[in-house]
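Input: a single structure, listed below in structure tokens.
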Amino acid sequence: MSDIFKKRMALCGNTVSDSIRIQSDEIMQKTFTNDLGYRQCKLYSRTMEYLEDVEIKYQYSQVYTINKDQVEYLAQFRPGYFPEKKYMEPDGIERFGFYIEIPDKNTGVHEMWLILGKNDKNSFIRYNILKCNWMFKWVKNKQIYSCLGIIRNRNNYNSGVWSDGFFTSVDNQSQFIIPTTPITETIDYNDKNVLASIGTGKCDGIFQLESSGMKSFMKELKPNSLEDMIAGISLYRPGPMDFIPQYIKGKNDASSISYDCPQLEPILNSTYGCIVYQEQVMQIVRDLAGYSLGRSDLLRRAMSKKKGEEMKRERQIFLYGDEASGIPGCVKNGIDEQVANKIYDEMLDFANYAFNKSHAAAYAVVAYQTAWLKYYYPVEYMAALMTSVIDNPSKVAEYIYASRQMGIQILPPDINNGEADFSVDEGNIRYGLSAIKSVGRPVVRAMLEERRTFGPYKNLEDFITRVSSKEGLNKRTIENLIKAGALDTLGGTRKQFMSIYIQIMDHVNQEKKYSMSGQMSLFDLVGEEEKADFQIRMPDVGEYSKENKLAFEKEVLGVYISGHPLEEHEERWRRMISATTADFQFDEELNRTKVHDGEKSVVGGMIVDKTVKYTKTNQVMAFLTLEDLLGTVEVVIFPRDYEKNRQWLEINEKVFISGRVSEEDEKASKLICEKVIPFERTKRELWIQFPDKETFLDEEQIVYGYLADSEGEDEVIIYCAKERAVKRLPKNRNIQINEQVLSRLMNHFGESRVKVVEKAIENHF
């Protein structure tokens, strides 16, 4: 009978296995949409070109091994559909690298996945897929395409390795090679947009250019080529720094460039007549005095090591030559002795701290690359930058402030949307979970793996139930997650979570004990509909005040995320100060702080810590920690100034402090207090404009009427436009500027004629 069946099947042109497969495919076709994993998706090429709508079954499977557990994410198309065959390369070779947009069944959120390759573990072909989350570039036939990159299953963002221009996925279940090129090889080093952005001085996070001095220099220099950046990095050092005004003048005005002798022009024309590089020093002594290559390098070394006797001897050789060494000298080559001496002196001043050009060029290339990344990928770059300093809260705070100035929003950490490091979330930066105090990376990895495997956390009880068994998770960890705002999306307030989390943890631990001992609880005996009645409910306790929430964030993150106590005063703060707290931090690049010892500075912020000390004469002095939008600085207040200002020197008081900088070796500088003024007592001026003096005299009594019921320290100034006359009202007419007074005046005279001007902080002291 079997022989007959086989013969009949053969007549139909099929083997038994083929027929079974066809029948299976037919069954699968008819039941495809009934599967729980069914999804309607969109298919994209590796160049992110939309191809067509497709239908898949989304699946994941867990593989258990002795060494570790592995999760595979899979996509199964309708029978007979093979994307790699349908969209073959022109050469007919089957390649992967397609992207598929898959909607989440529960949330409806569409996520992009990369199709890695076939998985033939059963009779139906399935494809390994990995979620995409960042951008990279790959090359085909010398043409650059922009594509999404992938993340590995186990929370490792380095999802592959570079080798010979290829990007290779190294996940256990598959290996896939995408022809690619590192992004640094595609950078245009003459991009005017990038150079213009550097010229604005907004160089936070840019290698070598983020110090306050370099920011000011770049703003003044306005580089229009990589050559300018190389020169700028070389010049911003003791010694060469003296040439900066000359360099900038020559760059902006070619007619201002002059050379001490004609032989210098071909050597210094690229640097606008300035000595900038050690190589130029070597070329000068060769072309002017006739030094050999080797002898010119010996002179460079002698200059850099400041060997006095040797330099005196070399001056004579440079001027008059050395017959034994075959060096004719400048004078024999027709260069005036006085001019030669001047050139030698300039070389001496320069060479003490000079760079060689190759060294400066390497620095400048990296600086340009970081500026390019910041310009074209600002959100991604700033997120990576914060991750690089994740253990330095003051530096994180500095970059957070810079990001906000760039229009980038900083989102709080989120257990359902965040990652271990700072990440990009719909054009914003999401705070990294591993940056939360007492929340270690192993715990974060475990929580994220649980989320990726079994989906988002639904509520606080669901979260604690699923992660309570993870190693390193304790009450302190959960408490800090709550304080940081990482659990805000779980359907409750931070105050509710803090009130109930211990009860939930105890309940979960009790259920585990019952389960391990084989006992049944009352919860196990009730039906599914009744179980909701036994769930722990959130207490009706409201939410913490904004001040408390900010204090919690500061405690566990080291920075404020959802706001800052000073943000409403930011405009006034920035206008009044001469230095930020970041300027007092030790800069390893400069090998010092940005403020100088003995320099007078004005800082402003909130007092967050105070330590009182008694001198030998039993007088009171204090050490304050003053915090602004960027970080903190220590302020020392000696007895005389403490007694005069003690009413303003309390925790949470917002003050401006004027004083002298006290610099310490390889440490943050301190500020020695001289004067203190609270934020609310800063002086302002109210300016009221009139078209002419006659109009003012007509309306003078109206003005006095509007000001009559307000007393304070703010001065009132009248400006008559026609006469360009300024009248400062007497002190008995001083007022307290407030919304009520301003509203009256603006309603009567118009908004354009009434203006409030903050007086410079120096005028208060």
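The values are calculated or read from the model by the stated rules, or taken from the named source; none is laboratory data. What you see is a predicted model; the values in this text were computed from it and never measured. With ideal geometry, Cβ positions are generated from the backbone for all residues, glycine too; neighbour counts draw on all protein chains shown.
Quick look at the values:
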item: Test: residue in segment 423-444 that is of a type in the set (Val, Ile, Thr), under 22 Å from Ser562 (Cα atoms), without any contact (Cβ under 8 Å) to a residue 60 or more places away in the chain and assigned to a loop (DSSP other than H, G, I, E, B); result: yes
item: Failed criterion for Ile100 (all others in (1) crowded, with 16+ Cβ neighbours inside 10 Å; (2) modelled with pLDDT under 80 hold); result: (2)
item: Which listed residue is farther than 27 Å from Asn392 by Cβ and touching a residue at least 60 places away in the same chain (Cβ under 8 Å), from Thr489, Thr493; result: Thr489
item: Residues located in segment 552-571, provided they are out of contact with any Lys or Arg (no Cβ under 9 Å at 6 or more places or on another chain) and more than 21 Å from Asn428 (Cα to Cα); result: Glu568, Glu570, Glu571
item: Subset of segment 584-625 (residues that are aromatic (Phe, Trp, Tyr) and over 14 Å from Pro639 (Cβ atoms)); result: Phe584, Phe586
item: Among (1) outside the structural domain of Lys202 (by TED's automatic domain parsing); (2) charged (D, E, K, R); (3) surrounded by 17 or more Cβ atoms within 10 Å (Cβ to Cβ), the one test that Glu426 misses; result: (3)
item: Pairs with Cβ under 7 Å, 6+ apart, first in segment 712-733 and within 11 Å of Leu686 (Cβ to Cβ), second among the charged types (D, E, K, R) and in a loop (DSSP other than H, G, I, E, B); result: Asp714/Lys683
item: Conditions (1) over 27 Å from the mean Cα position of the chain (by Cα); (2) farther than 22 Å from Tyr60 by Cα; number of the one not met by Thr453; result: (2)
item: Candidates Tyr353, Tyr377, Tyr401 - the one that is closer than 30 Å to Met303 by Cβ, hydroxyl-bearing (Ser, Thr, Tyr) and modelled with pLDDT under 90; result: Tyr353
item: Residue in segment 639-648 that is buried (at least 20 other Cβ atoms within 10 Å of the Cβ) and either under 23 Å from Asp583 (Cα atoms) or within 28 Å of the chain's Cα centre (by Cα) (or both) present; result: no
item: Helices (runs of 4 or more DSSP H) wholly inside segment 493-566 that include at least 3 residues being modelled with pLDDT of 85 or more, closer than 19 Å to Asn480 by Cβ and of a type in the set (Val, Ile, Thr); result: 494-517
item: Checklist (1) in contact with a helix residue (DSSP H, G or I) (Cβ under 7 Å, 6 or more places away or on another chain); (2) not in a helix (DSSP H, G or I) applied to Tyr719, failing item; result: (1)
item: Segment 312-337, subset in a loop (DSSP other than H, G, I, E, B) and exposed (fewer than 14 other Cβ atoms within 10 Å of the Cβ), residue nearest to the chain's Cα centre (by Cα); result: Asp336
item: Single match in Ala362, Ala340 (criterion: hydrophobic (A, V, I, L, M, F, W, C) and crowded, with 21+ Cβ neighbours inside 10 Å); result: Ala340
item: Tally of residues being among the β-branched types (Val, Ile, Thr), at pLDDT 85 or above and either in a helix (DSSP H, G or I) or closer than 28 Å to Tyr320 by Cβ (or both) across segment 246-281; result: 4
item: Extreme residue, farthest from Asp587 (Cα to Cα), among residues of segment 186-245 that are hydrophobic (A, V, I, L, M, F, W, C) and not in a helix (DSSP H, G or I); result: Ile187
item: Segment 282-311: number of residues that are assigned to a loop (DSSP other than H, G, I, E, B) and surrounded by fewer than 19 Cβ atoms within 10 Å (Cβ to Cβ); result: 4
item: Filter pass, Gln76 being in a strand (DSSP E or B), among the polar types (S, T, N, Q) and modelled with pLDDT under 70; result: no
item: Subset of segment 386-435 [more than 28 Å from Pro456 (Cβ to Cβ) and among the hydrophobic types (A, V, I, L, M, F, W, C)]; result: Val389, Ala397, Ala402, Met406
item: When residues of segment 381-414 are limited to those that are under 11 Å from the mean Cα position of the chain (by Cα) and among the small types (Gly, Ala, Ser), the one nearest to Arg574 (Cα to Cα); result: Ala402
item: Some residue of segment 21-30 being among the aliphatic types (A, V, I, L, M), modelled with pLDDT of 65 or more, surrounded by 14 or more Cβ atoms within 10 Å (Cβ to Cβ) and in the same structural domain as Lys86 (by TED's automatic domain parsing); result: no
item: Lys644 vs. criteria farther than 22 Å from Lys554 by Cβ and touching a Phe, Trp or Tyr at 6+ places or on another chain (Cβ under 8 Å); result: no
item: Leading residue by the ranking (nearest to Thr625 (Cα to Cα)) among those in segment 568-608 that are crowded, with 19+ Cβ neighbours inside 10 Å and of a type in the set (S, T, N, Q); result: Thr581
